[in-house]
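The next block holds one structure in the form of structure tokens; read it before the comments.
Taken together, the values in this text are just the output of simple stated rules run on the coordinates, not laboratory data. Every value quoted in this text rests on a predicted model; they were computed, and no experiment measured them. Cβ coordinates were reconstructed from backbone atoms using ideal geometry, including for glycine residues, and neighbour counts include every protein chain displayed.
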Amino acid sequence: MKSGGLLTTLELVQTFLPNISGLHVEDSLSFCHVCHVGKEATTEQVADLISINHLDKLMLDSDHYAFNDDLLEIITKDSHLKLLSINGSNFTDDGVLNHIIPNLKNDLVEFSAGFGGMNPVSLTGNSVIALLEHCPNIRRMSLEGVNLNDSDFAVEDLPSSQLEHLRLGKACHQNFTTNGLFSLLSTCNKTLISLVLDLDHLSQSALQEIIIPLFQRQKLQEIHLVSESWAEWIAYYPRPRSEQEVKAKEAMWRWKLKAYWGLSADLINLVGKKISTLKVFSILGENHLKSFPIF
């Protein structure tokens, strides 16, 4: 960006787009986008320009020091944000617990951290539990690179949420196991409609003890299995163009179950039978296993 950087751009937005309802600030370089006539932008300057009262959606993605918990305090005060996405190592649990929840608890419908962002996050499962407990209207949550740990969810009374859509990508902590996943999903197992799950979280026990029971007894209609290791496969078959490609995808998925988890043919068939009762079963985004009935 030219001289003025982010602040000048936001000034233009405020001036010429007074009715804007959504704003996405992405800083992939972490320094030049926030320069202002040779000087570093401050948290207060950034906050002043993005504190738009009628803003419904706000996505912040920067590792610059100006994007921090203090910024969250200012921009969430007296606002009615329905969607908030924060990416950057200077956003912490304190910002969520002390500012986002008190200020947006009755307005927040969707929360995202890490998913789709350029910059790493520093949040833990403490923020996740607190959001589910204190934001009664939250329906969608996307988490990528969050420091999840089984101990975060090892409390006697986990909150019961109304979460309908959950995306759980790669976690930063190796101590998030099937136990933690079970506890997290138990907070929304009565309302969850769609689940996007990284294959890192899907072991044989998770499939047998968590995923299949969810399909059998609850409202879950759709599951997406995603993994970075499948990038080349997705690029080669972005969308099935023929029945042969659909079968190839199904064969790849079944091979994955057998080779990686050692599942028996009977169990694979059991999964198939449970999937056939759902409205949609999808793998890798929009690619469906169409050998099973889809309604």
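Details
- Unit Cα scatterers, Debye sum, the stretch 137-198: log10 I(q)/I(0) for q = 0.13, 0.22 Å⁻¹: -0.31, -0.93
- log10 of Debye I(q)/I(0), alpha-carbon scatterers only, for the stretch 12-156 at 0.11, 0.21 Å⁻¹: -0.39, -1.40
- Formal net charge of residues neighbouring SER62 (Cβ-Cβ distance under 11 Å; K, R +1; D, E -1): -4
- Table column - 3J(HN,Hα) (Hz), the stretch 18-25, Karplus curve with 6.51, -1.76, 1.60, x for Gly and Pro: x, 9, 4, 10, x, 9, 10, 9
- If you take the Cα centroid of the stretch 38-74 and the Cα centroid of the stretch 152-175, the two points sit 27 Å apart.
- Neighbourhood charge, 11 Å Cβ-Cβ cut-off, centred on VAL121 and excluding it, Lys, Arg +1 and Asp, Glu -1: -4
- Cubic angstrom per residue, convex hull over Cα atoms of the stretch 74-224: 103
- For the stretch 118-130, 3J(HN,Hα) per residue [Karplus equation, 6.51 cos²θ - 1.76 cosθ + 1.60, θ = phi - 60°, Hz, x = Gly/Pro]: 8, 10, x, 10, 10, 7, 10, x, 4, 5, 4, 4, 5
- Near the amide H of SER85, within less than 5 Å, lie the amide hydrogens of LEU58, MET59, LEU60, SER112, all on another chain or at least 5 residues away, with H placed in the peptide plane.
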